[in-house]
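The values are calculated or read from the model by the stated rules, or taken from the named source; none is laboratory data. Remember, predicted model here, so these are calculated numbers, not experimental data. Using ideal geometry, Cβ is built from the backbone for each residue, glycine included, and neighbour counts are taken over all protein chains shown. The accessibility values were calculated without ligands, DNA or RNA, using every heavy atom of the protein model including side chains. Shrake-Rupley method; radii C 1.70, N 1.55, O 1.52, S 1.80 Å.
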Amino acid sequence: MGYCMSRLSFQEKMLWGQLAGILVVVGFYARFLAHSGPGHHYFHAVLIVLLFLFASVRTFVRRRSRSVVEDERDRAVASIGTRWSNIILWLGLVLILVMYWDHGSMRSANFLIGVLFHLLILAGAARIIRELVAYRMSA
């Protein structure tokens, strides 16, 4: 496994780290928060810490390693992932609007927050997985 990971580019390693982070967030959510009431938990702190961790690691490694270069392939792969993520987000927003227009409400604030959370997780995971597939197909 170490030899396989050493052949990956910096961008691919970051994508694998982001996928692991999303799986940790989803696991934490499913285990501890899926059936709990609002308030009295610090899920937002976990999300902020993970976002800060990814941003700092990426910035630190990029500044330390001058050999990390983003070329045309990296930009093309990023645009593919962004396109997939945007499609999922737009479809989700249209779904939310249709649910609101058909039913006149979103049942509750918890339901709306749950739908938005799952939509963001789905869009993020789809972007990462699609970019990883694009990197492997172009290798």
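Can you confirm whether the range 75-95 contains a residue that is closer than 19 Å to Gln18 by Cβ, open to solvent by 60 Å² or more (accessible area, probe 1.4 Å) and either hydroxyl-bearing (Ser, Thr, Tyr) or in contact with a Leu (Cβ under 9 Å, 6 or more places away or on another chain) (or both)? The answer is yes; a qualifying residue exists.
In the range 83-98, the residues that are more than 15 Å from Leu116 (Cβ to Cβ) reach residues that are open to solvent by less than 90 Å² (accessible area, probe 1.4 Å) and part of a helix (DSSP H, G or I) with C-beta atoms within less than 6 angstrom, at least six apart or across chains, in these pairs: Trp84/Ala126; Trp84/Arg127; Trp84/Arg130.
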